[in-house]
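K.L.:
First the structure, then my questions, so here it is.
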Amino acid sequence: MTSKLSPYSTFQILFYALRPTFVRAQTLTSWHFLNISSSTSLPKPTATTTLFGSTPLMYFLLSSFFAGSLHPCAGHFIAEHYLWDGQDQETYSYYGWWNIVAYNVGYHNEHHDFPSIPWTRLPKLRELAPEYYDALPAHPSWPMVIVNFILDPEVGIFARAKRVPQGSRMVTPPAGVKEKKVRGDGGESDKSE
């Protein structure tokens with residue numbers, strides 16, 4: 001229990017942000033470096049610290065960290081893409097009141113089905129298509145997702161949906177780790193070791 005509580009649950013925002021670089025590494029191009037340099041350019045932090053000291057930078061860093069650690073709203077990071085209760089469902093939604101303060105991020109299945117629909121319209125989408133969404137399992141509570149993640153031995157950092165590659169890229173899980181693989185067409189899944 002404490003192994004999941006300590007580093008992963010507390011620093012889950014870092015794991016969430018860095019996971020794609022390990023699962024599906026990309027060759028960095030000049031566009032990547034341009035993006036990194038424009039978003040973290042030296043003049044911005046230098047001007048900020050010169051004018052206001054380090055307090056504003058610490059505020060931005062710590063608020064990002066606390067927003068993605070042991071916080072009730074941060075349960076959505078775990079709720080969305082982990083496999084729960086032995087089900088093969090690739091994504092999960094949450095339809096509770098936290099969506100009011102989280103800009104409907106809980107309407108996750110709807111977002112994946114129609115990524116171009118704005119967050120303000122996702123509840124209406126679900127209302128228009130109940131035959132597609134009402135039968136899907138959904139989480140009743142983001143805080144309980146965090147509690148269940150910590151206490152349930154079947155759910156851990158490797159209990160994520162992982163699509164079977166369709167092409168030349170193949171990602172192998174660490175030795176001895178079982179990861180659920182889901183076909184890209186939504187078909188039956190299998191376990192691999």
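All of the numbers you see were taken from the coordinates with simple rules; none came from a lab. Since this is a predicted model, take the numbers as computed values, not measurements. All Cβ positions, glycine included, derive from the backbone under ideal geometry; neighbour counts span all protein chains shown.
K.L.:
Using per-residue counts of other Cβ atoms within 10 Å, averaged over each peptide, order 144-157, 49-62 from highest down.
P.N.:
Values: 144-157: 16.1, 49-62: 10.9.
With the highest mean Cβ count within 10 Å placed first, the list reads 144-157, 49-62.
K.L.:
Taking the highest mean first, how do the peptides 133-143, 78-88 order by number of other beta carbon atoms within 10 angstrom per residue? It would help to have the intermediate numbers written out before the result.
P.N.:
On the way: 133-143: 14.3, 78-88: 17.6.
In decreasing order of mean packing, 133-143, 78-88 become 78-88, 133-143.
K.L.:
Continuing with the same structure: Go ahead and run the numbers for FRET between Glu131 and Trp97, Cβ-Cβ distance against an R0 of 22 Å, rounding to 0.05. Intermediate results must be reported in sequence, preceding the final value.
P.N.:
Values: r = 25 Å, r/R0 = 1.12.
E(calc), rounded to 0.05, equals 0.35.
K.L.:
Out of every Cα-Cα pair in segment 119-160, what percent are more than 12 Å apart?
P.N.:
Working: 610 of 861 pairs.
Considering segment 119-160, 71 percent of its Cα-Cα pairs are separated by more than 12 Å.
K.L.:
How long, wide and thick is segment 1-148, going by the Cα atoms along their three principal axes, in whole angstroms, largest first?
P.N.:
Cα extents, longest axis first: 55, 39, 33 Å.
K.L.:
While we're looking at this one, here's another question. In nm, give the distance between the simple-model label positions of Leu57 and Phe11, each being 7 Å from the Cα along the Cα-to-Cβ direction.
P.N.:
According to this spin-label approximation, the distance is 2.0 nm.
K.L.:
Given a Förster radius of 45 Å and the C-beta distance between Cys73 and His32 as r, what FRET efficiency does 1/(1 + (r/R0)^6) yield to the nearest 0.05? Could the numbers behind the result be given before it?
P.N.:
Details: r = 30 Å, r/R0 = 0.66.
Efficiency, from the Cβ-Cβ distance: 0.90.
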